[in-house]
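Since every read-out is calculated from the coordinates, none of them should be taken as a lab result. Owing to the predicted nature of the structure, the values given are computational and were not obtained by experimental measurement. Cβ: placed from backbone, ideal geometry, glycine included. Neighbour counts: every protein chain shown.
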Amino acid sequence: MKKRNFIALGIGNVIGSLASSKLLALPANALTAPKIKFAYDLREFGWSNFTLIVENKFIDVGPFSYATNALDDLIMTGILAVPLTPTLRASFDRESVERHMILNVLWKPLATLRLLSFSDIKANLPDECGRVEFEARINLDDYARAIQNVAHEIWNKYGEQGYFDILGGYRGFPKREMATLDAALSAK
């Protein structure tokens, strides 16, 4: 019995020593992340695209046809970011190229956001086969709020009918998804 207590105390001391040593020390900015923003552009005849902006880095994603419904997929990742789901994914198809946006939680609420591209839209390849086009560390709360902001900008500018007139398609503006994201963020 005393031997077990000694072993447990010994392991606790080792862990405590490691935690206070430089081996586990985090850099001063390790718990912060740069600001994130989305600029979404609805084009004529059913096409859209967005620009992902993290601090001073950006990448244009798209164009997407109405069949992809990229805004819905983007909002869904925002909804899943609120409860800090460990891994988030969205796939954005454009003519001849597929892109995967993957968010992996590092230390809540920090995550790594990666945008991978695949040359064959129909191959359905695993992430390991993709080419990294963009990578940044982000705060998932900021990510979800950036998506909320861009969804409201689109709604305020176009409304339901304007969105449908530009994109066409069969689903229209993702009102239910936007309301779910709003509710999730208001509860935080």
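Tabulated data
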| quantity | calculated |
| --- | --- |
| Value of relative contact order over region 36-186, rounded to a whole percent, pairs C-alpha under 8 Å and six or more apart | 25 percent |
| Sequence ranges 64-71, 131-138, ranked by mean other-Cβ count within 10 angstrom, highest first | 64-71, 131-138 |
| Added length on full extension, which subtracts the Cα-Cα distance from 0.36 nm per residue, ALA39 to ASP165 | 43.4 nm |
| Pair SER117, ILE59: separation of 7 Å Cα→Cβ label points (nm) | 0.9 nm |
| Per-selection Kirkwood Rh - region 86-188 (Cα, Å, 1 d.p.) | 15.6 Å |
